[in-house]
Amino acid sequence: MRSPLRSRCSRVAAPVLILSALLVLLAPLIGPVGTAHGANGSTSACALQGTTGYTDEGQQTDYNRFQKPEGTKRVGVIYVDFPDAVGTTTPLDRYYSQISGAADWMWKASNGTVWLDMRAPYDNWVRMPKNSTDYNWARGFSWDTHRVYVKDALAGAADAGVNLANYDMFYVVPTSTAAAITHTPTWVQAPDNPTWVWNKATNAWVMIKWAVTFGQDMWHWGYKVADHETGHTFGLPDLYAFNGEQHQYVGGWDLMGKVSGVAPQFLGWHAWKLGWITDGQVSCLSTNTTYSTNLNGVEYGGNGYKLTVIKTSATTAYVAESRKTANNDSGACATGVLIYKVDTSVASGSGPVRVVSNPKAAAATGNCTTLDMQTWKAGQTFQDESARIRIHVKSSDAYNDTVWTYKW
């Protein structure tokens, strides 16, 4: 429930952002820059417009370029080897098993909205026409360079009898001997420069829209790297830092930050952007007033409030959400209210989301980092004097947190 408040809590110090990190091996999404803002149906006053021109935290997403995060996604799993890295292992069960858990994880993350129907239509190696070392597999390589790899893989699959028209997107998995294919980037279509592959099964051209091209880091990250990269095909940006300390912005909160993070469930802001929670589940504070909101943990389904958002400018907002040790977050280091700042003018990899630190947070232990501990408990208050906002945690239980939000 959400209701107005008449009183305000005492003020506390302005926020301090924690900058702590661990090394991450993922590569950023590969794609050409262009306009990336199309309506996704939100009419909330707190729905911020993206401004960076590609994947960003704007509430609106260009579904001419990215795929809609709803329903069953037909995923064709294609195994590739190379003249200089021949795949000798069959059957390919261990490769499929390494990524197949992505389906259940995404189903839980989306509250039953998205199912990844992963199928390997050709259970053998598709030989690539070039050596693995000839694909220039370097971080930050161009969209066109990446497209060559995608087209070679799918053309080979079509020649082997795969009906490419049966799939919405593709997971291209290399043999473990292809050491040159190191990291795992995502390839997203450019509508003004379509990519076609001849499909022998239908004797027609098929337009290729989305592909995740796995690298050897899949053996380190496991199936959640597939969920991270699929998130890019939905239009989500990277939350880890491209420069400096890799996990300085969100730590282990949200899979788009740290794939192996202790609380990888997508942030509530992302769930809202993806349409997995509705405007009616967002307590929006865009004018000078106060609200009391009972937030249900983002890990749970249901129709209750999931977010409280305080809009601070055309491109910025503070967000509070309830985080619990449940479902995809069963290993979370801390529970309570997670507070973070969203800035839709900040590009992917530069901190479009930054978790707000709590000076009273518990100390990190074990595999937990300092940033993993930054939840706010009952009786604690965050305030940003310059933004003229305050978030006070009134009470908590195993499933919910009640917060008071103020804007003046």
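The values are calculated or read from the model by the stated rules, or taken from the named source; none is laboratory data. Small disclaimer: the values here were computed from a predicted structure and weren't measured. All Cβ positions, even for glycine, are placed from backbone atoms using ideal geometry, and neighbour counts span all protein chains on display. The accessibility values were calculated without ligands, DNA or RNA, using every heavy atom of the protein model including side chains. Shrake-Rupley method; radii C 1.70, N 1.55, O 1.52, S 1.80 Å.
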Filter result for residue 237 (outside any helix (DSSP H, G or I) and crowded, with 21+ Cβ neighbours inside 10 Å): yes
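Let me confirm something: among 308, 293, which residue is outside any loop (DSSP other than H, G, I, E, B), open to solvent by less than 10 Å² (accessible area, probe 1.4 Å), over 22 Å from residue 58 (Cα atoms) and in contact with a strand residue (DSSP E or B) (Cβ under 6 Å, 6 or more places away or on another chain)?
Values: 308 fails: over 22 Å from residue 58 (Cα atoms).
None of the other options fit; the residue is 293.
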Taking the stretch 353-382 on its own, how many of its residues are in contact with a Leu (Cβ under 8 Å, 6 or more places away or on another chain) and farther than 18 Å from residue 261 by Cα? 1
If you go through the stretch 90-137 one residue at a time, how many are in a strand (DSSP E or B) and open to solvent by less than 80 Å² (accessible area, probe 1.4 Å)? 5
Just to be sure I understand, how many residues within the stretch 374-401 are of a type outside the set (S, T, N, Q), farther than 16 Å from residue 295 by Cα, assigned to a loop (DSSP other than H, G, I, E, B) and touching a strand residue (DSSP E or B) at 6+ places or on another chain (Cβ under 9 Å)? 2
Failed criterion for residue 361 (all others in (1) farther than 24 Å from residue 276 by Cβ; (2) buried (at least 23 other Cβ atoms within 10 Å of the Cβ) hold): (2)
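Residue by residue, here is whether (1) open to solvent by less than 10 Å² (accessible area, probe 1.4 Å); (2) assigned to a strand (DSSP E or B); (3) in contact (Cβ under 8 Å) with a residue 60 or more places away in the chain; (4) over 18 Å from residue 236 (Cβ atoms) holds:
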site: 172; (1), (2), (3), (4): yes, yes, yes, yes
site: 177; (1), (2), (3), (4): no, no, yes, yes
site: 184; (1), (2), (3), (4): yes, no, yes, no
site: 187; (1), (2), (3), (4): yes, yes, yes, no
site: 191; (1), (2), (3), (4): no, no, yes, yes
site: 201; (1), (2), (3), (4): no, no, no, yes
site: 211; (1), (2), (3), (4): yes, yes, yes, no
Consider residue 341 carefully, then state whether it is open to solvent by 50 Å² or more (accessible area, probe 1.4 Å), in contact with a strand residue (DSSP E or B) (Cβ under 6 Å, 6 or more places away or on another chain) and at pLDDT 95 or above. yes
